[in-house]
Amino acid sequence: MDKNKEFKPYIPASKITPEITVTSIIMGILLAVVFGAANAYLGLRVGMTVSASIPAAVIAMGVIRVAMKKNSILESNVVQTIGSAGESVAAGAIFTIPALFLWAADDSLGIEKPGILEITLIAMIGGLLGVFFMVPLRNALIVREHGVLPYPEGTACAEVLLAGEEGGSNASTVFAGMGFAALFKFIIDGLKAVPGEVSFKVKGFAGEIGTQIYPAVMSVGYICGFRISSYMFAGGVLSWLVLIPLIVMFGGDAVIYPSAEASIQEIFAADGAGGIWGSYIRYIGAGALAAGGIISLIKSLPLIVRTFKDALKGFGGGSGSTERTQQDLSMKIVLGAIVVLTLAIWLIPAIPVNLLGAVIIVVFGFFFATVSSRMVGLVGSSNNPVSGMAIATLLVSTLLLKATGMTGGAGMVAAISIGSIICIVAAISGDTSQDLKTGFLLGSTPKKQQIGEIIGVVASSLAIGGTLYLLDSAWGFGSAELGAPQATLMKMIVEGVMSAELPWGLVFTGAFIAILVEVIGIPVLPFAIGVYLPVHLNACIFIGGIVRLIFDKMKRNEEEKKEIINDGILFSSGMIAGEGLVGIVLALLAVANVDKAIDISGKLGLPDVVLNIGSIVLFGLVILTLLKFSVWKKRKASGKVNETKPEI
C-alpha cells in the first residue's frame, strides 16, 4: 500500500492533457478494424492471435507525434486502447463462431449460418460485458496491487509510448513490415507465382515434412520465441512423421471409423498424408487440445480461486479520491449496463440463447472476467488459458442444456453462442486490464480509457461479422486456407456431448498423449496445437522461432540486443497485419471471381522443382527483410548514424 501511495505516474493527476479526441477516436477505430480483421485471418489459419497493443501504440505515436507534430502521450494511449480491442474481439469470435458455419454446411443438421446481425450482437455483448465486469475490479487489481501484478504487455506498451522520441522510427518499422508482407502475400496467393508450401516426401515412407513460406506465419514463431515454436513443431513431427506412417503401415486395407467407405490405403493413395490427417489425426489433435486446455485450467485452479477471492474483496472499492487518475465509470452505469445486456441476451430473437443460457453467461462471464483480468497481470495475455475457460464453459453449458431438454441443432447452436460470448468476455477483460495498467503508469484517466474500450468493442464488433462472412465465402472454414482449428475443436466438443458419436478412441488417444507430455514437463497447449495443425504450418512457425533464437544469442550488449529484438517484433507485427489485410483483399477478389484473372500459375509452364526453388528463394527474402529492419537497421549512436552489422 505504501508503494502505491508513493507511485507517481508520468503525467501527474493535476495536469490535464488531451485524451479522447476526434483524432484518437478515428485512428483507434481504424486500427481496431485493421488489427481485428488481420487477427481474424491469422487465427483462422494458425489457431492463435497476437497482441495488437504495442504495434497500435507505435503507429499512434508515429502519426500523432511525428506526422501531426502533436505532443500528447495520453492521446496515443487512447488510440492503442481502442485499437487493441479489435484483436481481442476477433480472438473470441474466431475461436467459436465458425463452428456455426461448419454445422450449416451439413444439411442433415438443419442449422443455418448465423446472420451478420447475430454475430455482431454476440461479439458486442461479450465485449461490453468484458469491459463492464473489469471496471469495478480496476482499483483492486491495478491500483492496490501495483508492484505485485506486473501486467507484462501493459507495462511494455507504456515503455513504448514513453520512448516517444523514437516513435517515428519505430512506426516506420511496423509500416515496412506491413508493406513487405503485403507484397509477398500477393505474389504467393494473388499471382500464385510460386507455391505457398514446399513438401518433402520419402519414397516408401508415408510421412511428410515441409514448410509454408508465409510472412505472417513465420512472424508468429518469431514473436512466440524458440521454445514455444519448437514445442509446436514437435507436435507436428509426432503427427506427420510418427502417427500417420503408423496408421498407414498397420491400417492397410481396413476401413476404420470415422471413414465410412474408403480404406486407409485408399485414403492415402488419393490424398497422401493430408488425407490421413483429415480423417484421423485431427481427432487425435482435438483430444490433445481439449485435454491441454483442461489441464491448464486445473493447474490454474488454486490461482483462480485465490484470484477470485482477492478480487472480490476489493470489488468496486474505489479510493474515494476525486483525482483525475482515479475516476472510473459510474457504478450505476456499469450495473445498469450489465442488467440491460443480460436481458438483451435473453430477449433479442437474433441471439439463440434462452434464460438459462443468459444466467450461465453472467455467472461464468463474471467469474472468468475476474480470473482473466488477474491472470494476465501475472503471466501475460499470451499465457492466459482462454481456450481452457471456453472448453469448461462449453462442457457445462452443453450438459445443462441437454439436461433441460434443449438438444439437437438448437442445443448445439445455443451452446456455441454461450461459449462465444464467454470467450470474448475473457479475452476483452484481459485486454482491458492490460490497457488500464498502461494508463495507470502513464497517468491516463481510467474513465476515458474505459470509454475507449467500449468504442473499440463496438467498432470491431460491427466489422467482425462481415469479415467472417467474407472469409467463409472465399475459402470456407475448415479448408486448407482457413483450418479454423479452435472453432473445429469447440464444435467437436459440443457434438461429442450432444450426440456421443465422435471417434472417442482417437480423441482419448490425443488426450493421453497430452497427459504424457504434461507429465514429462513439456507445456501441453503448444504441443497439442502442433499435433492438431498441419506440419507445414508448424515448420514455418518453427523457422521464425529459430530466427528469434539467433537474435537472442547475438554477441551484443543487452541494451542493443533488446532494441534489435524489439524492432524484430514490431516488424513481425507489421507483417502479420499486412498479410492479414491482403488476405481480406484476396477474399474480396475471390468472391467477385476476379482471383482467376490474376492467377499466373498455369501460364508459367515451369516444372515443379523450379517453382519449389522459387518458393524457397522468396522465403529467404522474407527472412532477409526481417534482418534488414532489425539487425541491419541504421541506428543513431553518439550523434552518428552507423550501419549495424550482425555478429552472430
Mind checking whether some residue in segment 201-214 is more than 28 Å from P523 (Cβ to Cβ), of a type outside the set (D, E, K, R), part of a helix (DSSP H, G or I) and out of contact with any strand residue (DSSP E or B) (no Cβ under 9 Å at 6 or more places or on another chain)?
-> no
Mind checking whether some residue in segment 82-100 is within 30 Å of L347 (Cα to Cα), open to solvent by 30 Å² or more (accessible area, probe 1.4 Å) and hydroxyl-bearing (S, T, Y)?
-> no
Is it the case that some residue within segment 19-26 is within 23 Å of T325 (Cα to Cα), in contact with a helix residue (DSSP H, G or I) (Cβ under 9 Å, 6 or more places away or on another chain), open to solvent by 10 Å² or more (accessible area, probe 1.4 Å) and not in a helix (DSSP H, G or I)?
-> yes
Any hit, segment 230-252, residues being in a helix (DSSP H, G or I), under 22 Å from V376 (Cβ atoms) and at pLDDT 85 or above | yes
Segment 540-570, residues that are farther than 19 Å from M178 by Cα and under 19 Å from the mean Cα position of the chain (by Cα) = F542, G545
Hey, could you check segment 271-310 for residues that are among the small types (G, A, S) and under 18 Å from F250 (Cα atoms) and say which is modelled with the lowest pLDDT?
-> G278
For segment 469-481 the number of residues that are more than 15 Å from L589 (Cα to Cα) and open to solvent by less than 40 Å² (accessible area, probe 1.4 Å) is 2
Can you tell me which residue among K628, K634 is modelled with pLDDT under 85, under 21 Å from F180 (Cα atoms) and open to solvent by 70 Å² or more (accessible area, probe 1.4 Å)?
-> K634
Pick from segment 116-141, criterion under 25 Å from T467 (Cβ atoms) and among the β-branched types (V, I, T), ranking: most open to solvent (accessible area, probe 1.4 Å) = I116
Being in contact with a Gly (Cβ under 6 Å, 6 or more places away or on another chain) and hydrophobic (A, V, I, L, M, F, W, C) is the filter here, so list the residues in segment 74-90 that pass it.
-> V78, V79, I82, A85, V89, A90
How many residues are open to solvent by 40 Å² or more (accessible area, probe 1.4 Å) and either of a type in the set (S, T, N, Q) or within 16 Å of R548 (Cα to Cα) (or both) if we restrict to segment 197-238?
-> 8
Restricting segment 253-271 to residues that are touching a residue at least 40 places away in the same chain (Cβ under 8 Å) and in a loop (DSSP other than H, G, I, E, B), which is farthest from G496 (Cα to Cα)?
-> Y257
Lone qualifier among L537, L482, L516 - being part of a loop (DSSP other than H, G, I, E, B), modelled with pLDDT of 85 or more and of a type outside the set (K, R) | L482
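Every residue, every condition in (1) out of contact with any Leu (no Cβ under 6 Å at 6 or more places or on another chain); (2) modelled with pLDDT under 90; (3) exposed (fewer than 10 other Cβ atoms within 10 Å of the Cβ); (4) farther than 30 Å from L470 by Cα, yes or no:
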{"position": "E579", "(1), (2), (3), (4)": "yes, yes, no, no"}
{"position": "I584", "(1), (2), (3), (4)": "yes, yes, no, no"}
{"position": "A587", "(1), (2), (3), (4)": "no, yes, no, no"}
{"position": "G602", "(1), (2), (3), (4)": "yes, yes, yes, no"}
{"position": "L611", "(1), (2), (3), (4)": "yes, no, no, no"}
{"position": "S615", "(1), (2), (3), (4)": "yes, no, no, no"}
{"position": "S638", "(1), (2), (3), (4)": "yes, yes, yes, yes"}
{"position": "V641", "(1), (2), (3), (4)": "yes, yes, yes, yes"}
{"position": "E647", "(1), (2), (3), (4)": "yes, yes, yes, yes"}
Restricting attention to segment 58-65, does a residue exist that is over 29 Å from F440 (Cα atoms) and of a type in the set (G, A, S)?
-> no
Within segment 410-469, residues being closer than 14 Å to F132 by Cα and over 19 Å from the mean Cα position of the chain (by Cα) number 10
Hey, I493 over 30 Å from S417 (Cβ atoms) and among the β-branched types (V, I, T) or not = no
If you go through segment 434-479, how many residues are within 23 Å of G47 (Cα to Cα), small (G, A, S) and in a loop (DSSP other than H, G, I, E, B)?
-> 3
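Rundown of residues vs (1) open to solvent by less than 10 Å² (accessible area, probe 1.4 Å); (2) in a helix (DSSP H, G or I), yes/no style:
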position	(1), (2)
G521	no, no
I529	no, yes
F542	no, yes
G545	yes, yes
R548	no, yes
F551	yes, yes
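The values are calculated or read from the model by the stated rules, or taken from the named source; none is laboratory data. This structure is a prediction, so every number in the text was calculated from the model and none was measured. Positions of Cβ are generated from backbone atoms using ideal geometry, with glycine treated the same way; all protein chains shown enter the neighbour counts. Ligands, DNA and RNA are stripped out before the accessible areas are found, and what is left, the full protein with its side chains, is counted by its heavy atoms. Shrake-Rupley method; radii C 1.70, N 1.55, O 1.52, S 1.80 Å.
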